[in-house]
């Protein structure tokens, strides 16, 4: 991972903290999808699937949802079906707050 990716992820984490603090769900969703896109570019595709699977259960802007669904569909053609089954199971066990805590280093 290069420093550009590190800097970008740091910016996304800061944006996520602000969004969580302000209870700004649409901003949270926008940021989560951007984080998932970055994770895919870094090769962390399984983690991106987990984030997408959880995020797609929440309201988001139509443009954001379209990006999320396209990314999810693209990953579905690349990864083992077990990755998606595991992500669906995880999505039933964790809340959005749990996901935020994990992404922000509080879990």
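The values are calculated or read from the model by the stated rules, or taken from the named source; none is laboratory data. Remember, predicted model here, so these are calculated numbers, not experimental data. Note that each Cβ is placed from the backbone with ideal geometry, even for glycine, and that neighbours are counted across all protein chains shown.
So residue 40 fits all but one of (1) within 14 Å of residue 99 (Cα to Cα); (2) crowded, with 17+ Cβ neighbours inside 10 Å; what number is the exception? The one condition residue 40 does not meet is (1). Of the listed requirements (1) in contact (Cβ under 8 Å) with a residue 60 or more places away in the chain; (2) surrounded by fewer than 17 Cβ atoms within 10 Å (Cβ to Cβ); (3) touching a helix residue (DSSP H, G or I) at 6+ places or on another chain (Cβ under 6 Å), residue 17 misses just one: (3).
Note on segment 47-107: enclosed helices (runs of 4 or more DSSP H) holding 2 or more residues that are at pLDDT 95 or above and in contact with a helix residue (DSSP H, G or I) (Cβ under 6 Å, 6 or more places away or on another chain) are 62-78, 81-93.
If the condition is being surrounded by fewer than 16 Cβ atoms within 10 Å (Cβ to Cβ) and within 25 Å of residue 5 (Cα to Cα), then segment 62-88 contributes 63, 66, 69, 70, 73, 74, 76, 77, 78, 79.
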